[in-house]
Amino acid sequence: MKVLVLNGPNLNMLGKRPKEHYGTKTLDEINNLIKDAAPEFEFIFYQSNYEGDLVTKIQEAVINNYDAIIINPAAYTHTSVAIHDALEMFSGIKIEVHLSHVDDREAFRRINYVRDVCDETFSGKLEGSYIDAVMYLKNRK
Ligand SMILES: O=C1C[C@@](O)(C(=O)O)C[C@@H](O)[C@@H]1O
């Protein structure tokens, strides 16, 4: 299974962000946990602070027929029609992930442009949300 793991703005700074929401692990540490959870999968890891870069990566997943996308769009979750539209094109499995409980925080974080084009959401379990996404893929395989 070929899986794109896409992370949006400021997630390259994990380890320095508020620990009560995002925990203490760096993005590299989380990516290693993901690899360890499913050594049989082929993961493509990508992080960007730019909306268009994330859209381009999703388009690559469409063109190259990847099997799944695990995406934490970070702040773009709450603003990006472009990421919504790109995900809509992808016919594989799409999983939205958040470290924090996005629905239990500020009202603006309850605005969500990606959920309705994803198959499943895991949030509020820190790095465990990503691992839950990998387990979901293992069970669907
Ligand atoms: O940067 C982020 C990270 C986040 O997606 C999370 O993983 O909890 C939640 C978003 O609201 C926030 O902008």
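What do you reckon, is GLU20 within 14 Å of the ligand (Cβ to nearest atom), acidic (Asp, Glu), surrounded by fewer than 17 Cβ atoms within 10 Å (Cβ to Cβ) and not in a loop (DSSP other than H, G, I, E, B)? Show your work before the answer.
Working: within 14 Å of the ligand (Cβ to nearest atom): yes; acidic (Asp, Glu): yes; surrounded by fewer than 17 Cβ atoms within 10 Å (Cβ to Cβ): yes; not in a loop (DSSP other than H, G, I, E, B): yes.
When the stated conditions are applied, GLU20 passes them.
Just give me the residues in the stretch 125-136 being buried (at least 21 other Cβ atoms within 10 Å of the Cβ) and out of contact with any helix residue (DSSP H, G or I) (no Cβ under 8 Å at 6 or more places or on another chain), in sequence order.
Selection gives SER129, ALA133.
Look at the stretch 102-119 and say how many of its residues are surrounded by fewer than 16 Cβ atoms within 10 Å (Cβ to Cβ) and not in a helix (DSSP H, G or I).
4
Restricting attention to the stretch 76-93, does a residue exist that is modelled with pLDDT of 95 or more, charged (D, E, K, R) and not in a helix (DSSP H, G or I)?
There is no residue in the stretch 76-93 that is modelled with pLDDT of 95 or more, charged (D, E, K, R) and not in a helix (DSSP H, G or I).
What do you reckon, is ALA68 crowded, with 18+ Cβ neighbours inside 10 Å and touching a strand residue (DSSP E or B) at 6+ places or on another chain (Cβ under 6 Å)? Explain how you work it out, then say what you get.
Values: crowded, with 18+ Cβ neighbours inside 10 Å: yes; touching a strand residue (DSSP E or B) at 6+ places or on another chain (Cβ under 6 Å): yes.
In short, yes.
In the set VAL117, VAL134, which member is farther than 22 Å from ASN12 by Cβ and out of contact with any Pro (no Cβ under 9 Å at 6 or more places or on another chain)?
Details: VAL134 fails: farther than 22 Å from ASN12 by Cβ.
Criteria check complete, one pass: VAL117.
Give just the number: which of (1) within 26 Å of ARG105 (Cβ to Cβ); (2) acidic (Asp, Glu); (3) in a loop (DSSP other than H, G, I, E, B) does GLU40 not satisfy?
Condition (1) is where GLU40 drops out.
The values are calculated or read from the model by the stated rules, or taken from the named source; none is laboratory data. As the structure is a prediction and not an experimental result, all values here were calculated from the model. Ideal geometry is used to build each Cβ from the backbone, glycine not excepted, and the neighbour counts take in all protein chains shown.
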